[in-house]
1. Within 10 Å of each candidate Cβ there may be at most 11 other Cβ atoms; applying that plus a DSSP loop requirement, which trypsin sites (Lys or Arg not before Pro) in region 1-71 survive?
2. Rounded, prolate or oblate for region 1-153? Axes are the square roots of the Cα gyration tensor eigenvalues, ordered a ≥ b ≥ c, and the cut-off for rounded is a/c under 1.5.
3. Taking only C-alpha pairs under 8 Å that are 6+ residues apart, what is the relative contact order of the chain in percent?
4. What order do you get for 295-308, 264-277 when each peptide is scored by the mean count of other beta carbon atoms within 10 Å, highest first?
5. Using mean Cβ contacts within 10 Å as the protection proxy, how do 456-469, 178-191 order, highest first?
6. Hey, rough spin-label estimate for F36 and Y362, points 7 angstrom out along Cα→Cβ, what's it come to in nanometres?
7. Taking N as the number of residues in the chain, what is its Cα Rg relative to 2.2 N^0.38 Å?
8. Okay, helix-only estimate at 222 nm for the chain: each DSSP H run of n ≥ 4 adds -39500 (n - 2.57), divide by all residues, round to 500 deg cm²/dmol; what do you get?
Amino acid sequence: MSVSASIYDFIGEHVKKEPVSFHMPGHKGAQFYRRFGYGDFLDRFMDYDITEIAGADNLFQTESTIKEIQERFSELYSCKKSYVLINGTSGGNMAAILASVSKGKQLLMARNSHKSVFNALTLGGIRPVYVYPEIIGKYGISGAVSPLEIEKLIQENPDIQAVILASPNYYGICSDIKTIAEIVHKYNKVLIVDEAHGAHLHFCDVLPPSAIRSGADIVINSTHKTLGSLTQSAALHYNTELVDQYLLEDKLQCIQSTSPSYILMTSMDICSRILEQHHQRLMEEWTGNLNTFYEGIEKIRGLKTMGKMEGLDWTKINLTMRDLGISGSELDNILMEEYGIYTELFTGDWIMAMTGIGNTRYDYDRFADALEDISRKAIASGLIIHNKDNKSNAPAMPKQAVLFEIPVETKRVKLIDSEGMICGSSIIPYPPGIPLICPGERIESDAITYIRAMRDLGEKVIGVNEFDEVIVGK
Ligand SMILES: Cc1ncc(COP(=O)(O)O)c(C=O)c1O
C-alpha cells in the first residue's frame, strides 16, 4: 500500500475503495446519518462548526441545546446526570478519578487500564493499587477482574478511595460489575467503570448488562466507538451520592478543551435522537446480523471464534485462522489488501473485528465471504491443519509487580540494556493501549523479551523509540 504524506489525500483514496469497516468509529460512514434523515448535517458540515454564539449554549454551563442532549442521554441511560464529552472517554476517565480520589490517596485499578487512567495518577498525585485481570490462557488475552480480589485489596489498603475497571475490555470481555459494585459499596468506596467499548450494552439484553444497570457510580462511554457519534465524542454518566457533582464538573472543565466542537456535540445530539427513537430496532438488526454471521462462518474450515462465550460482548468478533498456518497479522493484512476489509486489531494469532451500530448486512456478508475464500485458498494450496487445540501463540504478558518511586530525573537507554532499571515512562503495546510497564516499575527480562517479540510481529510499542531506546531513571 502506498502511503501518502497528506491525510486529506490518504483518506480520499481510502474512501474511494469503498472499504468495509470493522474498526472504530461505530457509525461506519455517512450512510448511517442519511438513513435517519440527518444528511443536511453532512452536506453542511462546515456550517455546523460554530462557537458559543447566543442560543448555542455552553458546554461548561449548559442551559439550552447542550442541556437537552445531556438530559436525553441521562433519560436513555437512566442515571442522575449525563455529560457530553469532547475529549473522549480519556477525558472522562481522568475527570472521574480526580473527582473521586484525593492527592496522596489510592486508586484501585485494573493493571490493564487505559493510559488515561495512568495519566490521572500523575496529574492528581494519586497512588495506584493494581488488580491483575485473569489471563484467559486458551486465548492468551486478559480477561475479567475477580470480585474476590477487589474485596481483598480494599481490605488490605485502607487508603483506597475509588476503584476503576475497563469493562468490556478491548476484546469484549466484561467483569461482573454487579458483584463488584456491591463489594465496593459495602466499603463505601466509589466504583468508576470505563465502559468506553460498551456504550451499546445498555440497549441490548442479549449482551452482558451495562455498568449503570449493574450499580456503578460513574460510567464513561465512548459513544463514538460502537454507537453513532463522531470520533472523540463520548458521554459520562453520573449516578451516585458518593462523589460531589460540582467537583466532578470542575474536573471536567480542567481536562477538556474550552473550544468544544459543535460538530462533535451535534453528532451527540443526532446519536441520542436516533437511539431514543430507534434503539430497539437497531439493536435487533445488529444482533440479528451478527447471529447470521456467526452461524454462517461456523462451517468454515480452519476458522475458530470465541463465539458467544459467557461474559463476552460478542459484537466484537474475535477469530483466528491459526489452524491454516495464518497468523493474526497475516490475516489482518490479507483481509485488508485482497478484500478491502479493515479490522480493529490483531494480537498473536487472533484478530478482532469491531462491529458497530452502523454495520449493514452487506458488511457481514462480505466479511463471511472473504473468510470462506481465504480458507478455501489456504486448503487448496496444501496448507495442513496443524493445530487442533485452541491455544494462542501470542507471548504471555508478564506481570510487573513491584512499584518504586516514579523517577524524576530520567535518561534514554537501549531496551536491551535496560534490565533491572526503573522505567521512567509507560511502555504500551498498541493496540490495545494497555501499559506493559508503568513509570516506577522495574524493567524485567521477560518484559524485554515480550516487547521484542511484539516488535518482531510488527506491532507498535509506544515508549520504545525508533532507536530501540526507553526512558529510565538516572
Ligand atoms: C479501555 C479504554 N478506555 C478508554 C479509551 C479512550 O477512549 P477515547 O478514545 O474515547 O478517548 C480507550 C481507547 O481505545 C480504551 O480502549
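No lab work stands behind these numbers, since they all come straight from the coordinates. Keep in mind the model is a prediction, meaning the values are calculated, not measured. Heads up, the Cβs are rebuilt from the backbone with ideal geometry, glycines too, and the neighbour counts pull from every protein chain shown.
1. K17, R44
2. It is oblate, given that a/c is not under 1.5 and a/b is not larger than b/c.
3. 16
4. 264-277, 295-308
5. Result, highest mean first: 178-191, 456-469.
6. In this crude label model, F36 to Y362 measures out at 2.0 nm.
7. Compactness ratio reported: 0.98.
8. My calculation for the chain gives -11000 deg cm²/dmol from helical runs alone.
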